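Submitted below is the structure of interest, expressed as structure tokens.
The values are calculated or read from the model by the stated rules, or taken from the named source; none is laboratory data. Please read these numbers as outputs of a predicted model, since none were measured by experiment. All Cβ positions, glycine included, derive from the backbone under ideal geometry; neighbour counts span all protein chains shown.
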Amino acid sequence: MTTPLAIRLAFLWNKYSPRGRSALPRFVGRHLAGKHRQVFIKTAAGAKLSVDLSNLDTYATIYNQGGMWDAHIMRVCQGLLQQGDVFYDIGSNTGIFAIDSGFKLGSIRAYAFEPQEDQVDAIQRSIDANGMNNVSCFRCMLGETDGTGSLYLTSHSIHASSVPREGKSRKVEPPMRSIDSLFGDGSLEGPDIVKIDVEGGEMAVFRGAKETFSKFMPSIVFEADENLRRFGIEPNAILETISSFGRYKFFEIEKGGSLRSIQRVETEGNFLALSERHNSRV
């Protein structure tokens, strides 16, 4: 798996430079976009991850973190997953959670949900390159209903949101589906573990998943931070909504990956809603 020299240099810059760690790889990637379509890096489990060159800065971080993104969150998800489980990766971006987990745990069924077209193309190339028949990718926003969504693209792919995060943004209108609708028409299997990171739009996703999540009571790894407030949502409202699906215990995921039991969100961060049916997994 040979990586072009310019990309390797961009990865080194991202790792060692005191400034411009994201800006320079992003510039290099967008200059090379269209010239090197088949570029791959390895995930921690050894899967091939296709690089969307227009967002090379994100992949530089993955490369320099040993093939992981938010390593402590990935470890929690994979620690919860068992062979045969169904995993929803909502807000998949590069697809690394679904690709790495699907490669590492070959009998799970993983669904990646991502509305950004270039990212979806990269995820599908990863699926094809690894010969995976246990990972599927949906190009759609997830929300409360079916229809057409509004997504604002920023300078960084991980900041795409249905509420603009930057003064300069480009609006696209991807298809929108609800989980209840996708499950109802047979497109999805019922989830066991869910990872969701949709830059503040989590509540709409949960509203559109109420029937499915109440039926299957998946454990949910989620973020509660200032992005929720951009949507006018107080972080503890997320805990209340998840509790409406069934009986859960809540934990803050600390930077080292340890879990701290909580009753309320006191500090913004990443959290685990542990389903009663998964108590023995923690």
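Do we find a residue being farther than 25 Å from SER275 by Cα and out of contact with any His (no Cβ under 6 Å at 6 or more places or on another chain) anywhere in segment 175-184?
Yes: segment 175-184 contains one or more residues that are farther than 25 Å from SER275 by Cα and out of contact with any His (no Cβ under 6 Å at 6 or more places or on another chain).
Going through segment 168-195 one residue at a time, which ones are among the β-branched types (Val, Ile, Thr) and buried (at least 21 other Cβ atoms within 10 Å of the Cβ)?
Those that are among the β-branched types (Val, Ile, Thr) and buried (at least 21 other Cβ atoms within 10 Å of the Cβ): ILE179, ILE193, VAL194.
Something else now. In segment 25-63, which residues are crowded, with 18+ Cβ neighbours inside 10 Å, of a type in the set (Lys, Arg) and touching a strand residue (DSSP E or B) at 6+ places or on another chain (Cβ under 8 Å)?
Across segment 25-63, the qualifying residue is only LYS48.
Within segment 227-235, does at least one residue satisfy the condition of being touching a strand residue (DSSP E or B) at 6+ places or on another chain (Cβ under 6 Å), closer than 17 Å to ASP89 by Cα and in contact (Cβ under 8 Å) with a residue 12 or more places away in the chain?
Within segment 227-235 (the criterion being touching a strand residue (DSSP E or B) at 6+ places or on another chain (Cβ under 6 Å), closer than 17 Å to ASP89 by Cα and in contact (Cβ under 8 Å) with a residue 12 or more places away in the chain), the answer is no, since none of the residues qualifies.
Considering GLY256, GLY186, which residue is out of contact with any helix residue (DSSP H, G or I) (no Cβ under 6 Å at 6 or more places or on another chain), at positive phi and not in a strand (DSSP E or B)?
GLY186 is the lone residue from the list that is out of contact with any helix residue (DSSP H, G or I) (no Cβ under 6 Å at 6 or more places or on another chain), at positive phi and not in a strand (DSSP E or B).
Just checking, how many residues over segment 196-221 are within 22 Å of SER150 (Cβ to Cβ), in contact with a helix residue (DSSP H, G or I) (Cβ under 6 Å, 6 or more places away or on another chain) and either surrounded by fewer than 22 Cβ atoms within 10 Å (Cβ to Cβ) or free of Cβ contacts under 8 Å to residues at least 12 places away in the same chain (or both)?
The number of residues fulfilling the criteria is 1.
Take the residues in segment 165-175 that are farther than 19 Å from ARG26 by Cα and touching a helix residue (DSSP H, G or I) at 6+ places or on another chain (Cβ under 9 Å); name whichever of them is modelled with the lowest pLDDT.
Ranking the qualifying residues of segment 165-175, first place goes to VAL172.
Separate question: Only one of SER101, SER136, SER126, SER107 is part of a loop (DSSP other than H, G, I, E, B) and in contact (Cβ under 8 Å) with a residue 12 or more places away in the chain; which?
SER107
Here is a further query. Taking the criterion of being of a type in the set (Phe, Trp, Tyr) and either in a loop (DSSP other than H, G, I, E, B) or over 30 Å from THR267 (Cα atoms) (or both), would at least one residue in segment 220-232 satisfy it?
yes
Same structure, new question: Can you tell me which of (1) closer than 15 Å to PHE213 by Cα; (2) under 21 Å from the mean Cα position of the chain (by Cα); (3) without any contact (Cβ under 8 Å) to a residue 12 or more places away in the chain is the one SER258 doesn't meet?
The number of the failed condition is (1).
Please find, within segment 251-282, the residue that is nearest to SER219 (Cα to Cα) out of those that are surrounded by 19 or more Cβ atoms within 10 Å (Cβ to Cβ) and among the β-branched types (Val, Ile, Thr).
ILE253
May I ask you to list the residues in segment 11-54 that are under 21 Å from HIS159 (Cα atoms), hydrophobic (A, V, I, L, M, F, W, C) and touching a Leu at 6+ places or on another chain (Cβ under 8 Å)?
Residues satisfying the conditions are VAL28, ALA33, LEU53.
From the list SER261, SER219, SER280, SER275, which residue is of a type in the set (S, T, N, Q), at pLDDT 95 or above, closer than 22 Å to MET74 by Cβ and touching a Pro at 6+ places or on another chain (Cβ under 8 Å)?
Exactly one residue qualifies, and that residue is SER275.
Quick one: would you say GLY91 is within 20 Å of GLN124 (Cβ to Cβ), small (Gly, Ala, Ser) and surrounded by fewer than 18 Cβ atoms within 10 Å (Cβ to Cβ)?
Here the answer is no, as GLY91 does not meet what is asked.
For every residue, the table says whether it meets (1) in a helix (DSSP H, G or I); (2) without any contact (Cβ under 8 Å) to a residue 40 or more places away in the chain; (3) at negative phi; (4) under 20 Å from the mean Cα position of the chain (by Cα).
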| residue | (1), (2), (3), (4) |
| --- | --- |
| ALA44 | no, no, yes, yes |
| HIS72 | yes, no, yes, yes |
| ARG75 | yes, no, yes, yes |
| GLN78 | yes, yes, yes, yes |
| THR94 | no, no, yes, yes |
